[in-house]
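Colleague: This is the structure I have questions about; it appears just below.
The values are calculated or read from the model by the stated rules, or taken from the named source; none is laboratory data. Being a predicted model, the structure only gives us computed values, none of them experimental. All Cβ positions, even for glycine, are placed from backbone atoms using ideal geometry, and neighbour counts span all protein chains on display.
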Amino acid sequence: MQDLDVLFTLVEDDQRLQTYRRKKWLRTEEFRQWLGQDALLELTMDQALELYRASGGRDSSVFKANTIEDIRDGLDFLLYDNIKLEGRFDECAAPGGAYRLEGTGKEFPSYLLCLTNPSLFAVWNANAEGLLKQAGLLAASLKRGPMGIRYLDALEALNQIRTRSGRGDFREIDELAYQAARK
């Protein structure tokens, strides 16, 4: 296990981190506006593709196979439906989920949740799992069971890292995970 102080320190002058931050978090306010419940009715495919790419999505041609109506419905369900978070996440991220979009997995819905409320929701991706592993917090439960419950487990573990590191929100934890994966 790596020294936790190293894991919890962002090297701010790292050019790769600055590029990552620009791609993923620079347009947070603009993206949040697109994701407002009323604004979703007007979301365009170009905007949806920008969100997909910012989340780390790499297969735009597959993502474009989704209709804009399906994308709008899925985002509305994830962000605004009144069922429990784990149920919404499961339907949006699990294979066969009613609102899972082509070309996406757990990264896209977790990014959108973090984007809309970074003090409450974390990004769950390979970098986050790597950070949890290095910090000794990667639970076996993250590899099996319903996707929504697994997200809650990841969120709890990432919150421990946020608390230990003194970071303000989960965007910074995402950046820590990104940098830790590059060391």
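Colleague: Considering only the stretch 74-85, I want to know if a residue exists there that is surrounded by 13 or more Cβ atoms within 10 Å (Cβ to Cβ), in contact (Cβ under 8 Å) with a residue 24 or more places away in the chain and acidic (Asp, Glu). Show your work before the answer.
Modeller: Just the residues of the stretch 74-85 that are surrounded by 13 or more Cβ atoms within 10 Å (Cβ to Cβ), to begin with: 74-81, 85.
Narrowing further to those that are in contact (Cβ under 8 Å) with a residue 24 or more places away in the chain: 74-76, 78-80, 85.
This time we only want the ones that are acidic (Asp, Glu), so: 76.
Yes: the stretch 74-85 contains one or more residues that are surrounded by 13 or more Cβ atoms within 10 Å (Cβ to Cβ), in contact (Cβ under 8 Å) with a residue 24 or more places away in the chain and acidic (Asp, Glu).
Colleague: Of all residues in the stretch 50-63, how many are surrounded by 15 or more Cβ atoms within 10 Å (Cβ to Cβ) and more than 14 Å from Lys23 (Cβ to Cβ)?
Modeller: Number of matching residues: 1.
Colleague: Can I ask one more? Any residue at all in the stretch 131-145 that is within 18 Å of Leu112 (Cα to Cα), loosely packed, with under 15 Cβ neighbours inside 10 Å and hydrophobic (A, V, I, L, M, F, W, C)?
Modeller: Within the stretch 131-145, none of the residues are within 18 Å of Leu112 (Cα to Cα), loosely packed, with under 15 Cβ neighbours inside 10 Å and hydrophobic (A, V, I, L, M, F, W, C).
Colleague: For the stretch 42-60, give me the residue count where each residue is outside any loop (DSSP other than H, G, I, E, B) and among the polar types (S, T, N, Q).
Modeller: Count: 2.
Conditions tested, residue by residue: (1) under 29 Å from Ala180 (Cβ atoms); (2) outside any helix (DSSP H, G or I); (3) aromatic (Phe, Trp, Tyr); (4) touching a residue at least 40 places away in the same chain (Cβ under 8 Å).
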{"site": "Phe108", "(1), (2), (3), (4)": "yes, no, yes, yes"}
{"site": "Tyr111", "(1), (2), (3), (4)": "yes, no, yes, yes"}
{"site": "Ala122", "(1), (2), (3), (4)": "yes, yes, no, yes"}
{"site": "Asn127", "(1), (2), (3), (4)": "yes, no, no, yes"}
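Colleague: Residues Asp70, Asp38: which one is more than 20 Å from the chain's Cα centre (by Cα), at pLDDT 95 or above and farther than 30 Å from Leu138 by Cα?
Modeller: Of the residues listed, the single one that is more than 20 Å from the chain's Cα centre (by Cα), at pLDDT 95 or above and farther than 30 Å from Leu138 by Cα is Asp38.
Colleague: Please work out if Leu176 is assigned to a helix (DSSP H, G or I), modelled with pLDDT under 95, aliphatic (A, V, I, L, M) and surrounded by 18 or more Cβ atoms within 10 Å (Cβ to Cβ).
Modeller: Yes.
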